[in-house]
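Below: one structure, written as structure tokens.
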Amino acid sequence: METFYFIFQQALYFSIPLLIVALGGMFSEKSGVVNIALEGIMVIGAFCGIFFINVMQKIGAFASTPQLLFVLALLVGGLAGMLYASLLAFASVNMKADQTIGGTALNLLSVALVVFIARTMNNVKQIYFDQQVFTIKEFPVLSKIPVIGDMFFKNAYLSTYLGIIILLVAIVVLKKTRFGLRLSACGEHPHAAQSLGVNVYRMRWAGVLISGALGGIGGVSYIIPTTVSFGGTVSGYGFLALAVMIFGQWKPLRIFFSAIFFGFFSAIAFAYFKIDFLNNLNILHKGDFFKMVPYIATMIILAFTSKKSRAPKAEGIPFDPGAR
């Protein structure tokens with residue numbers, strides 16, 4: 001049972017960032033803008049958030065309130081992701097540039113940019129931080145609940161609960177608010193939305209900026225539970241989040257289950273040694289093999305499900321008010 005709890009907690013560490021970033025991509029694509037740049041946004045958000053933590057820990061700030069430091073780092077990452085995503089919004093919405101090419105360019109720029117800044121400021125590529133202070137060993141009372149307490153309220157991170165809150169907010173916003181309905185209309189029939197007085201440009205900007213904020217938060221949420229340093233990469237999790245979004249059919253609840261599914265494979269890759277039958281398999285370089293499993297699963301699943309994908313009709317198509 002102890003092994004099950006360990007694997008489940010590891011799965012949450014990987015699933016929650018995937019959930020947050022995939023929901024961000026969903027908001028962008030619901031508005032009609034394909035956000036291939038999620039990987040780059042995660043990198044920028046993670047760099048800014050972890051660099052902020054590094055500086056604060058060096059000067060001893062927030063030593064007695066590490067969770068407040070975590071929250072502030074998430075905000076810094078979210079703001080950085082939003083700022084970086086604004087480049088995609090300007091190119092795609094205002095300049096009507098090809099969204100896929102623009103997103104790819106931002107992905108390529110992000111890694112070089114953060115490594116350049118890190119080496120310029122610290123003369124090193126890796127940015128280290130004290131990870132352990134952010135772990136919540138156990139919640140009073142809640143950690144005593146049978147089964148659930150061990151799964152959700154021991155060795156946890158605030159980002160886990162934040163991810164669930166973001167999921168609930170996304171469901172309500174898209175289904176119950178005027179903003180959500182207008183956003184979806186801009187991704188399905190932008191000219192019809194315009195005829196009803198909706199500013200399509202503004203809504204698409206909003207979708208991309210929300211995507212950037214969630215992508216930046218997701219970058220910080222991924223790095224903190226899984227490593228003790230940031231070296232300019234998020235291991236392809238931005239692209240994996242795109243797969244989660246597509247597999248989840250651009251619907252928040254389905255994206256949640258999709259994120260859990262892919263997060264489980266990532267947890268297996270990280271903690272396979274805890275599972276006897278996997279650890280005993282006669283496979284060369286088992287660690288590297290299991291690290292490939294989430295991406296192999298992604299390709300297989302998308303090969304069987306992509307034909308049934310029902311993306312927003314107008315996604316990827318620049319909006320021209322005069323065209324019909």
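Can you name the number of the only condition in (1) of a type in the set (A, V, I, L, M, F, W, C); (2) assigned to a helix (DSSP H, G or I); (3) within 23 Å of ALA314 (Cα to Cα) that VAL33 fails?
Condition (2) is where VAL33 drops out.
The rows are residues; the columns are (1) under 24 Å from THR226 (Cβ atoms); (2) modelled with pLDDT of 95 or more.
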residue	(1), (2)
PHE70	yes, yes
LEU87	no, yes
SER110	yes, yes
SER143	yes, no
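Looking for something of a type in the set (A, V, I, L, M, F, W, C), more than 13 Å from GLY219 (Cα to Cα) and surrounded by 20 or more Cβ atoms within 10 Å (Cβ to Cβ) - is there at least one such residue anywhere in the range 54-66?
Checked against the condition, which is being of a type in the set (A, V, I, L, M, F, W, C), more than 13 Å from GLY219 (Cα to Cα) and surrounded by 20 or more Cβ atoms within 10 Å (Cβ to Cβ), the range 54-66 yields no hits at all.
Looking only at the range 91-98, decide whether some residue is touching a helix residue (DSSP H, G or I) at 6+ places or on another chain (Cβ under 7 Å), buried (at least 17 other Cβ atoms within 10 Å of the Cβ), under 19 Å from ILE317 (Cβ atoms) and among the polar types (S, T, N, Q).
Among the residues of the range 91-98, at least one is touching a helix residue (DSSP H, G or I) at 6+ places or on another chain (Cβ under 7 Å), buried (at least 17 other Cβ atoms within 10 Å of the Cβ), under 19 Å from ILE317 (Cβ atoms) and among the polar types (S, T, N, Q), which makes the answer yes.
Among the residues of the range 268-298 satisfying the criterion of being among the hydrophobic types (A, V, I, L, M, F, W, C) and touching a Leu at 6+ places or on another chain (Cβ under 8 Å), which is farthest from TYR5 (Cα to Cα)?
So, considering only residues that are among the hydrophobic types (A, V, I, L, M, F, W, C) and touching a Leu at 6+ places or on another chain (Cβ under 8 Å), the one farthest from TYR5 (Cα to Cα) is PHE290.
Hey, any hits in the range 252-259 for a residue that's in contact with a Phe, Trp or Tyr (Cβ under 9 Å, 6 or more places away or on another chain), under 28 Å from PHE4 (Cβ atoms) and among the polar types (S, T, N, Q)?
Within the range 252-259, one or more residues are in contact with a Phe, Trp or Tyr (Cβ under 9 Å, 6 or more places away or on another chain), under 28 Å from PHE4 (Cβ atoms) and among the polar types (S, T, N, Q).
Got a number for residues in the range 265-324 being at positive phi and surrounded by 10 or more Cβ atoms within 10 Å (Cβ to Cβ)?
Residues that pass the stated criteria total 1.
Is there a residue being without any contact (Cβ under 8 Å) to a residue 12 or more places away in the chain and farther than 25 Å from TYR161 by Cα anywhere in the range 124-136? Explain how you work it out, then say what you get.
Taking the range 124-136 and keeping what is without any contact (Cβ under 8 Å) to a residue 12 or more places away in the chain, we get 124, 132.
Filter again for farther than 25 Å from TYR161 by Cα, leaving 124.
Yes: the range 124-136 contains one or more residues that are without any contact (Cβ under 8 Å) to a residue 12 or more places away in the chain and farther than 25 Å from TYR161 by Cα.
Being surrounded by 15 or more Cβ atoms within 10 Å (Cβ to Cβ) and either of a type in the set (Gly, Ala, Ser) or not in a helix (DSSP H, G or I) (or both) is the filter here; which residues of the range 192-216 pass it?
Within the range 192-216, ALA193, VAL198, ALA206, GLY207, SER211, GLY212, ALA213, GLY215, GLY216 meet the criteria.
Mind listing whichever residues of the range 76-90 are surrounded by fewer than 16 Cβ atoms within 10 Å (Cβ to Cβ) and in contact with a helix residue (DSSP H, G or I) (Cβ under 8 Å, 6 or more places away or on another chain)?
Within the range 76-90, SER86 is the sole residue that qualifies.
Check the range 113-132 and report whether any residue there is in contact with a helix residue (DSSP H, G or I) (Cβ under 8 Å, 6 or more places away or on another chain), of a type in the set (Phe, Trp, Tyr) and over 15 Å from ILE53 (Cβ atoms).
No, that holds for no residue.
Hey, LEU79 hits all of (1) free of Cβ contacts under 8 Å to residues at least 24 places away in the same chain; (2) closer than 29 Å to THR135 by Cα but one; which does it fall short on?
Of (1) free of Cβ contacts under 8 Å to residues at least 24 places away in the same chain; (2) closer than 29 Å to THR135 by Cα, only one is false for LEU79: (1).
Select from the range 117-134 the residues that are over 23 Å from the mean Cα position of the chain (by Cα), part of a helix (DSSP H, G or I) and not aliphatic (A, V, I, L, M) and write down the one among them that is modelled with the lowest pLDDT.
So the residue we want is ASN122.
With respect to ILE20, determine if the residue is hydrophobic (A, V, I, L, M, F, W, C), closer than 28 Å to CYS186 by Cα and assigned to a helix (DSSP H, G or I).
Answer is yes for this residue.
Taking SER86 as meeting all but one of (1) under 20 Å from GLU315 (Cβ atoms); (2) of a type outside the set (Phe, Trp, Tyr); (3) over 19 Å from the mean Cα position of the chain (by Cα); (4) in a helix (DSSP H, G or I), write down the number of the exception.
(3)
Which one is surrounded by the most Cβ atoms within 10 Å (Cβ to Cβ), of the residues in the range 1-53 that are free of Cβ contacts under 8 Å to residues at least 40 places away in the same chain and over 16 Å from PHE134 (Cβ atoms)?
Result: PHE4.
The values are calculated or read from the model by the stated rules, or taken from the named source; none is laboratory data. All values derive from a computational prediction rather than experimental measurement. Cβ sites come from the backbone with ideal geometry, for glycine too, and all protein chains shown count toward neighbours.
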